[in-house]
Structures are given as C-alpha cells and as structure tokens.
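One structure, pasted below without further comment.
The values are calculated or read from the model by the stated rules, or taken from the named source; none is laboratory data. Keep in mind that this is a model prediction, so the values were computed, not measured. So basically every Cβ, Gly included, is an ideal-geometry build from the backbone, and we count neighbours across all protein chains shown. Surface areas here come from the heavy atoms of the whole protein model, side chains and all, with no ligands, DNA or RNA. Shrake-Rupley method; radii C 1.70, N 1.55, O 1.52, S 1.80 Å.
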Amino acid sequence: MNVILLGAPGAGKGTQGELLAERHGLRRISTGDLLREAVRNGTRLGLEAKRYMDAGELVPDDIILGLAREVLGASKENSAGEGGFLLDGFPRTRAQAEGLDRLLAELGLRLDAVIVIDVPNEILIKRLSGRRTCTRCGAVFNIYFDPPRTPGTCSVCGGPLEQRSDDEPDTIRRRLEVYQAQTEPLVQYYVDSGAVVRRIDGDRPVRDVFEDLTKALES
Ligand code: AP5
C-alpha cells in the first residue's frame with residue numbers, strides 16, 4: 001500500500017506516520033526528517049536546505065525531487081514483498097506532485113490513497129510552539145499536550161530535549177501561510193486526478209486519530 005499523508009505543520013503527520021508505519025508495515029519517508037539529518041551531518045544538501053527551513057520557506061522543488069528519486073528508488077529495490085511507503089511532508093507543491101506522478105510511473109509503483117489530517121490553526125500554533133524533541137533518541141513531546149515526566153528531559157532515554165529551530169513564532173506563522181498557499185491546493189489536485197482522498201479530523205487525542213486513519217487505510 002502506497003500512501004501520501006497530507007496536513008499542515010503540526011497536524012500530526014510525524015506522530016501518526018510512525019504509528020501507521022508500524023501497524024501497517026509501511027516505510028515512512030519524511031522529507032523533513034531527511035533534510036534535518038542532512039543539516040545535522042553538514043552535507044551540501046543540508047547547508048542549502050537550512051536557510052529555507054529556518055525561514056519557514058519550502059526547499060526548492062528540484063532539490064526535493066532529487067531526494068525523493070534517491071529514496072523511493074532505493075526503497076523499491078530494498079522493499080520487494082514489503083508493505084509499501086508512507087510519504088510524510090512530500091509532495092508539498094504542484095510541481096512536486098507532478099514530479100512524483102512521473103517518478104511512480106517510472107518505478108512501476110502506484111498511489112493507493114491520499115489522507116489529509118485537518119487541525120484548526122490555533123491548535124497547530126500551540127502544538128508547534130509546545131513541541132520538544134529528544135536530541136538523543138528523537139522521541140517527540142509537547143509541553144501542553146504530552147509533557148515529559150521531567151521538564152527538559154526525555155522520558156524514554158533521559159536525553160536532553162530541544163525546540164526545533166523552525167518552531168519559533170514568526171517561522172510557524174510563515175510555515176502555515178506557505179501550507180495554505182502551496183500545499184493545501186494539492187488536495188484538489190488529487191481529487192481531480194481520481195485518487196482516493198480521505199479527510200480525517202486531527203483535533204482529537206492521538207489514539208482516536210490513529211484509529212480513524214487505520215480505518216481509512218483499511219477501507
Ligand atoms: P517537516 O519536518 O515536514 O515539517 P512540517 O510539515 O512543518 O510538519 P511538522 O513536522 O512540524 O509537524 P507534523 O505534522 O509532523 O506534526 P507532529 O506529529 O510532529 O518540514 C520542515 C521543513 O522542511 C519545511 O518547513 C520545509 O522548509 C522543509 N521541507 C520538508 N519537506 C519539504 C518538501 N517536500 N518540499 C519543500 N520543503 C520541504 O506533531 C507536532 C506536535 O504536536 C508534537 O509535539 C506532537 O507531540 C503534538 N501532537 C501530535 N498529534 C497530537 C494530537 N492528536 N493531540 C495533541 N498533540 C499532538
């Protein structure tokens with residue numbers, strides 16, 4: 001099963017993507033995670049991407065499509081017989097969606113569903129400003145919705161928690177604007193292209209959202 005998870009920054013794509021990948025044996029591919037890894041490793045891609053990410057802007061389409069080609073191509077070679085992929089945070093523009101269509105055709109893969117997680121803007125802002133991530137194991141917490149047992153310390157491994165550099169108020173505002181202008185129109189793009197598109201109310205507890213997403217994938 002090959003699935004795209006769409007949703008604004010903070011909608012819960014990463015949180016739900018990990019749960020769905022585990023439950024359904026999917027390979028989760030997050031362009032945001034791949035870019036952050038490149039930034040941490042100081043690669044040329046990371047250095048180029050960082051200035052866009054810190055400003056809340058999208059990394060240029062040609063860079064993202066190159067990355068997607070690399071990862072999806074490798075994923076296909078390594079995943080014969082496995083459950084498929086879950087795209088989190090890609091595509092984000094019409095050019096990326098068209099590029100993905102071409103890439104899937106080339107690789108002989110098809111898209112089975114597009115799932116959109118809807119959350120109101122005021123909740124998104126609170127989720128993003130409250131997010132804290134463990135620098136050691138990557139576990140994600142939220143000081144408002146899912147606080148760690150000890151402030152500033154990961155409840156899983158005891159590592160230090162940090163705030164993402166793009167979770168500052170001005171950058172959050174810009175990321176939400178960019179989503180509305182460039183990514184939300186992809187919902188209509190996929191409806192028009194005849195894909196199976198499902199919308200899920202993401203403003204509920206993680207477990208409830210997960211159950212609905214699972215039902216949507218199984219239907
Ligand atoms: P990316 O990392 O993809 O960020 P994003 O789309 O902005 O999404 P987030 O990771 O912020 O949120 P999420 O929806 O995953 O929510 P999460 O589960 O973490 O991209 C970062 C940047 O990279 C972009 O701005 C861009 O510059 C660049 N980039 C990436 N892909 C690109 C592309 N394709 N093209 C161009 N540029 C690209 O949850 C958020 C918080 O809420 C957490 O604290 C969590 O604990 C909490 N939470 C989650 N669910 C719930 C719930 N149900 N109830 C209460 N709290 C919840």
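For region 189-216, give me each residue that is under 17 Å from the mean Cα position of the chain (by Cα), in a helix (DSSP H, G or I) and surrounded by 17 or more Cβ atoms within 10 Å (Cβ to Cβ).
Answer for region 189-216, where residues must be under 17 Å from the mean Cα position of the chain (by Cα), in a helix (DSSP H, G or I) and surrounded by 17 or more Cβ atoms within 10 Å (Cβ to Cβ): Val209, Phe210, Leu213.
Pairs under 6 Å by beta carbon, first residue open to solvent by less than 10 Å² (accessible area, probe 1.4 Å) in region 96-118, partner away from the ligand (no atom under 16 Å from the Cβ), six or more apart or different chains?
These pairs meet every condition: Val114/Ala195; Val114/Val197; Ile115/Arg198.
One residue is enough: does region 41-57 have a residue meeting the conditions open to solvent by less than 50 Å² (accessible area, probe 1.4 Å), within 13 Å of the chain's Cα centre (by Cα) and closer than 19 Å to Val140 by Cβ?
Scanning region 41-57, I find no residue that is open to solvent by less than 50 Å² (accessible area, probe 1.4 Å), within 13 Å of the chain's Cα centre (by Cα) and closer than 19 Å to Val140 by Cβ, so the answer is no.
Give me the residue from region 119-162 that is assigned to a strand (DSSP E or B) and open to solvent by 40 Å² or more (accessible area, probe 1.4 Å) and, out of that set, nearest to the ligand (Cβ to nearest atom).
If we take residues in region 119-162 being assigned to a strand (DSSP E or B) and open to solvent by 40 Å² or more (accessible area, probe 1.4 Å), then Arg131 is nearest to the ligand (Cβ to nearest atom).
Conditions first: (1) more than 10 Å from the ligand (Cβ to nearest atom); (2) at pLDDT 95 or above; (3) not in a strand (DSSP E or B). Val116 passes all but one, so which condition is the exception?
Of the numbered conditions (1) more than 10 Å from the ligand (Cβ to nearest atom); (2) at pLDDT 95 or above; (3) not in a strand (DSSP E or B), the odd one out for Val116 is (3).
Restrict the check to region 22-31 and report whether at least one residue is among the hydrophobic types (A, V, I, L, M, F, W, C) and either within 6 Å of the ligand (Cβ to nearest atom) or open to solvent by 20 Å² or more (accessible area, probe 1.4 Å) (or both).
no
In region 1-19, which residue that is surrounded by fewer than 23 Cβ atoms within 10 Å (Cβ to Cβ) and touching a residue at least 40 places away in the same chain (Cβ under 8 Å) is nearest to Asp146 (Cα to Cα)?
Thr15
Residues being touching a helix residue (DSSP H, G or I) at 6+ places or on another chain (Cβ under 7 Å) and either touching a residue at least 12 places away in the same chain (Cβ under 8 Å) or in a loop (DSSP other than H, G, I, E, B) (or both): count how many of those fall in region 31-45.
5
Could you grab me the full set of residues in region 13-30 that are over 19 Å from Leu128 (Cα atoms), of a type in the set (Gly, Ala, Ser) and either touching a Leu at 6+ places or on another chain (Cβ under 9 Å) or part of a helix (DSSP H, G or I) (or both)?
Once the filter is applied, which keeps residues that are over 19 Å from Leu128 (Cα atoms), of a type in the set (Gly, Ala, Ser) and either touching a Leu at 6+ places or on another chain (Cβ under 9 Å) or part of a helix (DSSP H, G or I) (or both), region 13-30 yields only Ala21.
Listed residues Phe90, Phe85; which is surrounded by 18 or more Cβ atoms within 10 Å (Cβ to Cβ), modelled with pLDDT of 95 or more and among the aromatic types (Phe, Trp, Tyr)? Even if it seems obvious, please write down each step before you answer.
Working: Phe85 fails: modelled with pLDDT of 95 or more.
After applying the criteria, what remains is Phe90.
Residues checked against (1) among the β-branched types (Val, Ile, Thr); (2) closer than 22 Å to Asp118 by Cβ:
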| residue | (1), (2) |
| --- | --- |
| Arg27 | no, no |
| Gly32 | no, yes |
| Arg40 | no, no |
| Leu45 | no, no |
| Asp62 | no, no |
| Val71 | yes, no |
